[in-house]
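A.B. asks: Quick one: the structure is below, questions incoming.
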Amino acid sequence: MWPALYLDSIDIQITLNKQMKMNTIATSPYSDQKPGTSGLRKKVSVFRQPHYLENFVQSIFNVATDLKGQLLILGGDGRYYNDRAIQTILKIAAANGVQQVMVGENGILSTPAVSCLIRKYKAAGGIILSASHNPGGPDGDFGIKFNIANGGPAPTSFTDATYELSKRITEYQIADADDIPLDRQQTCYIGEMEINIIDPVSDYADLMQELFDFVKIKALFKAGLLSMCFDAMHAVTGPYAKVIFEKLLSANDGAVINGTPLEDFGGGHPDPNLAHAEDLVAILNSGPDSPGFGAASDGDGDRNMILGQNFFVNPSDSLAIMAANAHHMPGYKEGIRGVARSLPTSRAVDKVAESLGIECYETPTGWKYFGNLLDDRRITLCGEESFGSGSDHIREKDGIWAVLFWLNLIAVKQQSVEEITRAHWKRYGRHYYTRHDYEAIDSDVANDLMQNLRSLTTSLAGKEYSGYKITLSDDFSYTDPVDDSITENQGIRILFDDESRIVFRLSGTGTEGATLRIYIERYVVDPEQHDLATQTALAELISIAEALSGVKTRCQRDHPDVIT
């Protein structure tokens, strides 16, 4: 319950807040605040330790000194502890001289929306509160990530500096102020810092209408030529989907399901894949009267899954199809400059780039590696196999954007999701692709497995397994073509003479133990062989991957925890 004083007079509340005292609090460092590829992610119980959140946030401000006197964007995916963390961050921001903060109403801002706002309003940076696709709730995960002034995730140099300071921190600054009501749009203050509680959707929706033909998509729905189902998974994209799909595009009744953001995501796992979006998959596979188009997004709104009736679009294929058809979109009608994909993403987009005569960059996993390429105008589209794709409209992957791209493409082509995908395979060939995840492995076991693979790389070239001849084996290293920075040890890749690939890497997005991911890819040109079940088409390569890594024996697992 907010104080009666606030309810009676906003002006009085503003005056009092401007007189708030700024305190310096003594603290002791924690040793485990090293950010991963997407910020610092831990269990909620870890973040709730005394001074834990405060230490890390102060370390961010100690590195991002250009935030002083500038605008900060702040919001999150609505998961448990999101609201409390926002109050703490606002008070630390005020004590560190931030001039203005934009916060989404009810603390809600999708990751793509944060990037949009940073770029539109020329903010000095943004803090995103999310653990992305990880489960939420009191026993779930929480995360915090800093985005820089270009709208993208902070580079490794920034996160490394934050971590080093977090290991030595002895004090933090925080305002002695009442909490700020986040449940309505308004302007208020902590000290001299202005806080604007904003509509989390409007600016982002405006940008989407610049990129896509909303008139043509809306006509498709109004004519009854298409119905859709979007699963927001009780995560952040619910409000965005309801405004964009149901209101602006007049999609069919019930187009958005699980559309109310909940602190525990309704007890679900907000990861848009076949394993966790069971409701959506069942609806799209329910028969001839099922919707013609299905999609889902994750906890913070930056990932996407695309479905047709009884048809799944692999994220790597989705990126390639986008690259091949971008010229049909109003925002990309002049064509694309280049494309980029992460190391484990299939090489389907490489074939499109070759056909278009544009550059295709292979980067480490993590959206921050695309930022330099986008800022240097080397690429227009980029994507990762982990259900993420995006473009130079922001500096994050973007789930709603990908859904709109597909809706616009369906409106242009007047074809189904399956027809569009099969036509693409016929022209460019099909890259059968799968990812096998072994989750919560003991970290030492996982590191030993990777080290063993690393030791094998120098001797594998030229060897043959089940008819597949290895042409290259290495531990992927990336030299950024813009700033010449070098990123090493990004994954073991094994290439075969028929363009098949196996990639092994440890994920940096989990909060318990280690997650080993094995990516397997086979390129098939003949359309007569495009109808195999994916796991069947890749069976021999899967066996090779298991034999080379010894994953089942080393990790004592009979099968992967998740297959996508």
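A.B. asks: Just give me the residues in region 426-470 being open to solvent by less than 20 Å² (accessible area, probe 1.4 Å) and touching a helix residue (DSSP H, G or I) at 6+ places or on another chain (Cβ under 7 Å), in sequence order.
C.D. replies: The answer is 429, 431, 432, 433, 434, 438, 441, 449, 453, 470.
A.B. asks: Picking from 252, 258, which residue would you name as being in contact with an Asp or Glu (Cβ under 6 Å, 6 or more places away or on another chain) and not β-branched (Val, Ile, Thr)? Even if it seems obvious, please write down each step before you answer.
C.D. replies: Working: 252 fails: in contact with an Asp or Glu (Cβ under 6 Å, 6 or more places away or on another chain).
Matching residue, one of 252, 258: 258.
A.B. asks: Output the number of residues of region 88-105 satisfying the condition of being open to solvent by 10 Å² or more (accessible area, probe 1.4 Å), out of contact with any Pro (no Cβ under 8 Å at 6 or more places or on another chain) and within 13 Å of residue 200 (Cα to Cα).
C.D. replies: Summing the residues that are open to solvent by 10 Å² or more (accessible area, probe 1.4 Å), out of contact with any Pro (no Cβ under 8 Å at 6 or more places or on another chain) and within 13 Å of residue 200 (Cα to Cα) in region 88-105 gives 1.
A.B. asks: Would you mention how many residues in region 163-187 are touching an Asp or Glu at 6+ places or on another chain (Cβ under 8 Å) and either among the charged types (D, E, K, R) or open to solvent by less than 50 Å² (accessible area, probe 1.4 Å) (or both)?
C.D. replies: Adding up the residues that qualify gives 5.
A.B. asks: How many residues does region 426-444 hold that are within 12 Å of residue 515 (Cβ to Cβ) and outside any strand (DSSP E or B)?
C.D. replies: So the count comes out to 2.
A.B. asks: Would you say residue 264 is under 21 Å from residue 79 (Cα atoms) and open to solvent by 60 Å² or more (accessible area, probe 1.4 Å)?
C.D. replies: yes
A.B. asks: If residue 45 passes every condition in (1) closer than 26 Å to residue 393 by Cβ; (2) at pLDDT 95 or above but one, which one does it miss?
C.D. replies: Going through (1) closer than 26 Å to residue 393 by Cβ; (2) at pLDDT 95 or above one by one, residue 45 breaks only (1).
A.B. asks: Scan region 222-266 for residues that are without any contact (Cβ under 8 Å) to a residue 40 or more places away in the chain, in a loop (DSSP other than H, G, I, E, B) and under 27 Å from residue 44 (Cα atoms) and jot them down.
C.D. replies: 234, 258, 259, 260, listed by residue number.
A.B. asks: Mind listing whichever residues of region 445-468 are of a type outside the set (S, T, N, Q) and part of a helix (DSSP H, G or I)?
C.D. replies: 445, 446, 448, 449, 450, 453, 454, 456, 460
A.B. asks: Going residue by residue through region 382-401, is there one that turns out to be farther than 22 Å from residue 232 by Cβ and touching a Lys or Arg at 6+ places or on another chain (Cβ under 6 Å)?
C.D. replies: No: zero hits.
A.B. asks: Another question, if that's okay. Could you tell me whether residue 195 is in contact with a Leu (Cβ under 8 Å, 6 or more places away or on another chain), under 17 Å from residue 299 (Cα atoms) and at pLDDT 95 or above? First the steps, then the outcome.
C.D. replies: Numbers: in contact with a Leu (Cβ under 8 Å, 6 or more places away or on another chain): yes; under 17 Å from residue 299 (Cα atoms): no; at pLDDT 95 or above: yes.
It is false that residue 195 is in contact with a Leu (Cβ under 8 Å, 6 or more places away or on another chain), under 17 Å from residue 299 (Cα atoms) and at pLDDT 95 or above.
A.B. asks: Can you say whether residue 189 is touching a Phe, Trp or Tyr at 6+ places or on another chain (Cβ under 9 Å) and either free of Cβ contacts under 8 Å to residues at least 24 places away in the same chain or among the hydroxyl-bearing types (Ser, Thr, Tyr) (or both), as far as the supplied structure shows?
C.D. replies: no
A.B. asks: Return only the number of the condition from (1) touching a residue at least 60 places away in the same chain (Cβ under 8 Å); (2) open to solvent by 10 Å² or more (accessible area, probe 1.4 Å) that residue 335 does not satisfy.
C.D. replies: Single failed check for residue 335: (1).
A.B. asks: What pairs can you find where one residue is in region 197-211 and hydroxyl-bearing (Ser, Thr, Tyr), the other is buried (at least 21 other Cβ atoms within 10 Å of the Cβ) and in a helix (DSSP H, G or I), and their Cβ atoms are less than 7 Å apart, with a gap of 6+ or different chains?
C.D. replies: What qualifies is 204/112; 204/113; 204/116; 204/240.
A.B. asks: Follow-up. Can you work out which of the residues in region 269-307 that are among the small types (Gly, Ala, Ser) and either assigned to a helix (DSSP H, G or I) or farther than 16 Å from residue 256 by Cα (or both) is least open to solvent (accessible area, probe 1.4 Å)? Break it down stepwise before answering.
C.D. replies: In the first step, residues of region 269-307 are kept if they are among the small types (Gly, Ala, Ser); the result is 275, 277, 282, 286-287, 290, 292, 294-297, 299, 301.
Subsequent filtering for residues that are either assigned to a helix (DSSP H, G or I) or farther than 16 Å from residue 256 by Cα (or both) retains 275, 282, 286-287.
Numbers: 275: 44, 282: 62, 286: 85, 287: 19 Å².
Going through the qualifying residues, I end up with 287.
A.B. asks: If you don't mind, there's one more thing I want to ask. I need the strands (runs of 3 or more DSSP E) fully contained in region 476-553, keeping only those with at least 2 residues that are at pLDDT below 95 and either among the hydroxyl-bearing types (Ser, Thr, Tyr) or open to solvent by 40 Å² or more (accessible area, probe 1.4 Å) (or both).
C.D. replies: By residue number, 501-507.
A.B. asks: Here is a further query. Would you mind stating whether residue 344 is in contact with a strand residue (DSSP E or B) (Cβ under 8 Å, 6 or more places away or on another chain), assigned to a loop (DSSP other than H, G, I, E, B) and more than 28 Å from residue 369 (Cβ to Cβ)? Spell out how you get there, then give the answer.
C.D. replies: On the way: in contact with a strand residue (DSSP E or B) (Cβ under 8 Å, 6 or more places away or on another chain): yes; assigned to a loop (DSSP other than H, G, I, E, B): yes; more than 28 Å from residue 369 (Cβ to Cβ): no.
No.
A.B. asks: Also, I was wondering about something else. Looking at region 409-450, which of the residues that are modelled with pLDDT under 95 and among the polar types (S, T, N, Q) is nearest to residue 488 (Cα to Cα)?
C.D. replies: 447
A.B. asks: Also, quick follow-up: Which residues, counting only those in region 216-256, are out of contact with any strand residue (DSSP E or B) (no Cβ under 9 Å at 6 or more places or on another chain) and open to solvent by 40 Å² or more (accessible area, probe 1.4 Å)?
C.D. replies: Listed by number, the residues that qualify are 216, 218, 219, 222, 223, 224, 225, 234, 243, 247, 248, 253.
A.B. asks: Then there's this: Hey, could you check region 1-32 for residues that are among the small types (Gly, Ala, Ser) and modelled with pLDDT under 95 and say which is most open to solvent (accessible area, probe 1.4 Å)? Show your work before the answer.
C.D. replies: First, pick out the residues of region 1-32 that are among the small types (Gly, Ala, Ser): 4, 9, 26, 28, 31.
Checking the rest, the ones that are also modelled with pLDDT under 95 come to 4, 9.
Working: 4: 65, 9: 25 Å².
That would be 4.
A.B. asks: Residues of region 33-55 being touching a helix residue (DSSP H, G or I) at 6+ places or on another chain (Cβ under 7 Å), part of a helix (DSSP H, G or I) and either basic (Lys, Arg) or open to solvent by 20 Å² or more (accessible area, probe 1.4 Å) (or both), which ones?
C.D. replies: 46, 54
The values are calculated or read from the model by the stated rules, or taken from the named source; none is laboratory data. On a predicted model such as this, the values are computed, not experimentally measured, just so you know. As a convention, Cβ positions derive from the backbone with ideal geometry for all residues, glycine included, and neighbour counts pool all protein chains shown. These area figures cover heavy atoms from the full protein model, side chains too; ligands, DNA and RNA do not enter into them. Shrake-Rupley method; radii C 1.70, N 1.55, O 1.52, S 1.80 Å.
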